[in-house]
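Structure first, commentary second.
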Amino acid sequence: MKHDCNVARDLMPLMLDDAASEESQKLLNEHLEECASCRKYYSGMQAVLPIVRQASQQEKQSFDNAARKLRRKQRIRLWKRLLIGFLIGVLVMSGALWGWRWLTSDLNVPMHYGNYNLFLSQLQDGNVAFNMDFYGSSRVMGVRIKEAQENGQNIYYVYNETSRIPQYMETMNRNYSFQRMDAERFAQLDEIRQGVPDEYVTIWQAGDSISPASEEMETFFTLWDQYTPLWSPVDENGEAHALTFEESQKEEKLRAQVDAARKVVPEWQ
C-alpha cells in the first residue's frame, strides 16, 4: 500500500500540470478513491498549486524584467562606446587635418632674408614703391611687414613667410610691388630692414637715396590707379555696387592693359 502511495504521489505533479498519460491518470484516480491519505495530500497540492504558479509567474516576470533591463543597459553601453569611438575618430581626424594644414598651408615660418630681395623705387609723384624679387622661386610664400620702435627709431621690417613643409606652385612667383608708401609716411621711417629682428639686413636708412622708378613702372601704376576703382567699385556712400555694361567693358580693357604693363616693368623681371 505504501508503495502504491509513493507512486501516486509521484504522479500527482504530472496530473496537476496536465502532463500525465491516460494510464497514469486512471491509476492515480483509482488510488485516490481507495486512499483517504492520498486524497488529502492531493487536495493540499491542488490548494497550494495556484500559489506556487503565481510565485513562479512572478519569478519569471521578475527574471524577464531583469533580462530586459540588462539588454537595455548593454545596448546603451554599446551605443556609448560607438559614440565615444566616433567622437574620438572625429577629433583624431580633425587634429590630423589641422596638423597637416599647419605644416603645409599656414605661412608662419620666416624665410632667411637671403632667399629673396627687397628693393625700393622712387616714383615721380613722391610715393615709394616696395618691390619684391623672389629669385625665381616657385615655393609658396607671403610678404609680411612689421613696424617696431628700437632705440627711439622707427624700424620697418619686411620679410617672407612660408610653410613648415615646403609647398611649390607650378609656376614661379611673380616679382611685383606689394606696397606704395606716400612721401609723408615714408619720411617717418628711420630704417628699412629685410628680414626679422633676429636675422636681417638693412636695405635703407634715413638719408639714403632711392633709385628712380622706370618709365614702365610709372605706366603700370598709372593704369593700376585707373583700374582699381572699377575692380572694386563703390558709390559716394562707400557702398559696393555692380558695374554697368560700359564700366565692365572699360574694366576688361584696363585689366588687359595692366597685365601687359606689368610684364614689361624691368624691375620685376
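Worth a mention:
- Non-local Lys pairs in the chain, i.e. 8 or more apart or on different chains, that have alpha carbons under 30 Å apart: 11
- Note on Trp100 and Ala67: their simple-model spin labels are 4.9 nm apart, each label 7 Å out from Cα toward Cβ.
- Estimated at the nearest 10 Å², the accessible area of Trp231 is 150 Å² with a 1.4 Å probe.
- The distance separating the Cα centre of the stretch 1-41 from that of the stretch 78-131 comes to 93 Å.
- In a fully extended conformation the segment linking Asn117 and Leu87 would gain 6.0 nm over its present Cα-Cα distance, using 0.36 nm per residue.
- Selection from Leu32, Ala183, Gln226 lying farthest towards where the dipole of the chain points positive, charges on Cβ: Leu32
- Rounded to the nearest 20 debye, the dipole magnitude of the stretch 113-264 is 640 debye, with +1 charges on Lys and Arg beta carbons, -1 on Asp and Glu beta carbons, and the Cα centre as origin.
- Distant-in-sequence amide contacts of Val140, defined by a placed amide H-H separation under 5 Å and a gap of 5 or more residues or a different chain, comprise Gln167, Tyr168, Met169.
- Where a label projected 7 Å from the Cα of Asp17 along Cα→Cβ would reach, residues of the stretch 60-91 with amide N under 16 Å: 60
- In the frame of its principal axes, the stretch 111-212 has Cα extents of 39, 32, 16 Å, reported largest first.
- Across the stretch 7-21, computed HN-Hα scalar couplings (Karplus, 6.51 cos²θ - 1.76 cosθ + 1.60, θ = phi - 60°) run 5, 4, 5, 6, 7, 4, x, 5, 5, 5, 8, 6, 10, 7, 6 Hz from first to last residue, x flagging Gly and Pro.
- Ordered from largest to smallest accessible area (heavy atoms of protein chains, 1.4 Å probe), the residues His112, His31 come out as His112, His31.
- Solvent-accessible surface of the chain, averaged per residue with a 1.4 angstrom probe and all protein chains in place: 68 square angstrom.
- Between Ala260 and Arg164, residue separation times 0.36 nm minus the direct Cα-Cα distance comes to 31.1 nm.
- Choice from Phe186, Phe220, Phe245 showing the highest fluctuation, given a GNM over the chain with Cα pairs closer than 10 Å: Phe245
- Put simply, the amide H of Asn160, placed in the peptide plane, has neighbours under 5 Å in Met111, Arg144, leaving out anything fewer than 5 places away on its chain.
- Degrees between helix 36-104 axis and first principal axis of the chain (Cα, 0 to 90, nearest 10): 10
- Tail weight of P(r) past 22 Å, computed on alpha-carbon pairs of the chain, percent: 76
- Lys253 paired with Glu147, simple spin-label distance in nm, labels 7 Å along Cα-to-beta-carbon: 3.9
- Taking label points 7 Å from Cα along the Cα-to-Cβ direction, Leu27 and Tyr41 give a separation of 1.5 nm.
The values are calculated or read from the model by the stated rules, or taken from the named source; none is laboratory data. Every value quoted in this text rests on a predicted model; they were computed, and no experiment measured them. Note: ideal-geometry Cβ built from the backbone for every residue, glycine included; neighbour counts use all protein chains shown. Note: areas computed on protein heavy atoms with side chains; ligands, DNA, RNA excluded. Shrake-Rupley method; radii C 1.70, N 1.55, O 1.52, S 1.80 Å.
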